[in-house]
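One structure is given below, encoded as structure tokens.
Here, each number is a calculation from the coordinates, and none is a lab measurement. As the structure is a prediction and not an experimental result, all values here were calculated from the model. Heads up, the Cβs are rebuilt from the backbone with ideal geometry, glycines too, and the neighbour counts pull from every protein chain shown.
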Amino acid sequence: MILDNRLIDAQPLADYRTAMATPTSWNTRASDRAQRLARAAEALGPALAGKRVDPDALPRLLQAVLRPGDRVCLEGNNQKQADFLAATLAALDPATVHGLHMVQSVVALPEHLDVFENGIAERLDFSFSGPQAARLAQLVSDGSLRLGAIHTYLELFARYFVDLTPRVALVAAQAADADGNLYTGPNTEDTPAILEATAFSGGIVIVQVNELLDAPDASLPRVDVPGGWVDFIVKAPRPHYIEPLFTRDPAQISEIQVLMAMMAIKGIYAEYGVQRLNHGIGFDTAAIELLLPTYGEALGLKGKICSHWALNPHPTLIPAIEAGWVKSIHSFGSELGMEHYLRARPDVFFTGADGSMRSNRAMCQVAGHYACDLFIGSTLQLDLQGNSSTATLGRIAGFGGAPNMGTDAGGRRHGSPAWMKAGDQARGGRSGVAGVPKGRKLVVQMVETFREHMRPAFVDRLDAWELREQAGLDLPPIMIYGEDVTHILTEEGLANLLLCRTDEEREQAIRGVAGYTAVGLARDHAMVENLRDRGIVQRPEDLGIDSRQATRNLLAARSIRDLVRASGGLYQPPKRFRHW
Amino acid sequence: MTGISPELETLEYRWEGQREAGDFPPVLVGVVGSGNLEVLLEPEAGPACTVRIETSARGFGDIWHAVVRDFHRRHDLAGVRISIHDMGATPAVVSLRLDQAAREIAA
């Protein structure tokens, strides 16, 4: 077809040519960066030597490089915290530094919220807020904090490279050399993702380190971040704080948790042949880890399940590792006290040529999302559709990585026995677009029907709906959508939602394992018995599990001390976990 | 079951059962500790299984009734007096302890 030029209005083209004739500046970010660096040099004077900043001059540095309204990434991870930078930022004069937009995966320290209370920051985009959840909710409701969204880790990292790119990054590393190269040690965590986004977009990178290698020939054990990405280094007065988030004392695991762990191993892991998996945080999954070398061994499952993991270095996995169950573990972060053990098991953990582990939250989240066949974790609330949330009234907790771990990866194109079997169950008897061959990730919510203080885990309506109203969020903060959950496991039994064909069946399957909660008591008994006949609801006895066997004697370790012993003394638990 | 209050709540239930327990030495399982409970089983003349609960958590009578009723449906005991001292145990723990205690007299 020949386009008739006469039909095109000539005006847009003329406008375009005029615009093109006007010179455009293509390096505003670089010149802005140069101005900030010049201001820093001027403010610091002799307190700046190369990239090194005198710790006493840190407030001057921050005031010089920060501008009102800047988007700032303050490294708050699940474990490692840039605490010296956080405390200094929170103590700045809000007359000079204000209106900051904080982007950070974890809101963990009081200082992370002090910046809002003190008028230094006003907007927040984040992933997880564990211990600060109640105060965060308070700040949102009194209007001193405007919440963007509650993201998954991967989602937030993704936005660092699209529309939430940090102008200034404040991060933590173990050590720096004279050129600014960084060694993060085992807790690499978010640092590479944050710095890649910041350093390659004309941003400013400020790092607090525990150690500075002064001698020009001194070398780091390995380089985790090249010095070229780093602008300023400050030696913190104290080593950065690390939270031992994934340490669970086996002494606190209950018989009920042992029973649920038996059901998970026999009813799900063995049933689907789950070899590649991720465990959420908590005593429920710690119980599973401690039953592998005992109950799992007795069932003849060694080598058939649980070979490859995307997992933080859980101390409770030590007995299974020592018994030869585990081929590989890639980790989001490290765990305090596990450093020597990790170093001594390089066949299992991802360690560098220097011998120490390197974690990487972004990579491990990708691994968990695309290459694991099962996620199992706990929650605070489940509704009749299976939607699950940890956000309860007055607490905006966030969900970290759970939504990415707890969903089938739509882009996945490789098969595995567990994934294919779950897919077959989900698609069985369906035709058309719903019948196209495809696997399905196993997503298990493992909860006791009542939490502490008799709060029911099963509810008619999630608090998330009310929180959406209160915080003005686009979406209710649901951690894992009901349509992604494949199994619900309680002390009463196991509900396989993959086999449900109607919303009514799904609701009764959920009620059928909800115990004595109001949701459970309102079940249709006849329908639940029908679901049981079809294997959709299974009781311990249906799985061939004798609940009399569910004692703490089945745990491969019954105390932290047992874990130390199992590790041959390599695991060195933090003091608060040493009870002997 | 919790919401621990200084005043104890007392609940009592009675069902007639078919499985005569006969004479047996008293059975005690569990401990009185937070989130746990103590269950004592003793022989009692007559065709009934009686249950007396003292709990630190008030206001959960409906749930106790359902838990104990289901226990009775499972074991159908007669001639047994059950005394429970509860310190905020969940229904799952209550059921587990009751089953453990019933097993002791069956053994």
If one takes the longest principal axis of the Cα atoms in chain A, at what angle in degrees, from 0 to 90 and to the nearest 10, does the Cα axis of helix A:417-427 lie? 80 degrees
Please work out the Cα center distance from region A:386-454 to region A:548-580, rounded to the nearest Å. 31 Å
May I ask which residue of A:Gln572, A:Gln104, A:Met454 lies farthest towards the positive end of the charge dipole of chain A, with charges of +1 (Lys, Arg) and -1 (Asp, Glu) on Cβ and the Cα centre as origin? A:Gln572
Count, lysine Cα pairs under 21 Å in the protein assembly as shown, 8 or more residues apart or across chains: 16
Which of rounded, prolate or oblate describes the protein assembly as shown when judged by the alpha-carbon gyration tensor and an a/c cut-off of 1.5? prolate
Rounded to two decimal places and with Rh computed the Kirkwood way over Cα pairs, what is Rg over Rh for region B:9-106? 0.93
Cα long-axis angle, helix A:255-264 against chain A (0 to 90 degrees, to the nearest 10): 90 degrees
For region A:103-208, Rg(Cα) over 2.2 N^0.38 Å is 1.12
If you restrict to DSSP beta bridges whose two residues both lie in region B:9-106, what percentage is antiparallel, to the nearest 5? 70 percent
Taking the Cα centre of the protein assembly as shown as origin and charging only Cβ (+1 Lys, Arg; -1 Asp, Glu), how large is the dipole, in debye to the nearest 20? 1420 debye
Bridge orientation stat for region A:338-475 from DSSP, antiparallel percent rounded to 5, came to 50 percent
For chain A, calculate the relative contact order in percent as a whole number, restricting contacts to Cα pairs under 8 Å that are 6 or more residues apart. 13 percent
Percent antiparallel among DSSP beta bridges (both partners in the protein assembly as shown, rounded to 5): 45 percent
Summing +1 per Lys or Arg and -1 per Asp or Glu among the other residues with Cβ less than 15 Å from A:Leu499's Cβ gives -1
Per residue of region A:521-526, in order, report the coupling 6.51 cos²θ - 1.76 cosθ + 1.60 (Karplus, θ = phi - 60°) as ³J(HN,Hα) in whole Hz, putting x for Gly and Pro. 5, 8, 5, 8, 4, 5
Which residues' amide hydrogens lie under 5 Å from the amide hydrogen of A:Ile281, considering only partners 5 or more residues apart or on another chain, with H built in the peptide plane? A:Ser378
What helix-only [θ] at 222 nm does chain A give? Using -39500 (n - 2.57) per DSSP H run of at least 4, over all residues, to the nearest 500, the answer is -8000 deg cm²/dmol
Looking at the calculated P(r) for region A:278-326, what percent of the C-alpha pair distances fall above 17 Å? 23 percent
Give me a single rounded figure for A:540-548: the average over its residues of other chain Cβ atoms within 10 Å of their Cβ. 1
Checking B:Asp76, B:Asp86, B:Asp62 against a Gaussian network model of chain B (alpha-carbon springs below 10 Å), the top fluctuating residue turns out to be B:Asp62
Search the structure for amide H atoms under 5 Å from the amide H of A:Asp463, placed 1.01 Å from N in the peptide plane, and list their residues when 5 or more places away or on another chain. none
When you look at the Cβ of every residue in A:447-460, what mean number of other chain Cβ atoms sits within 10 Å? 3
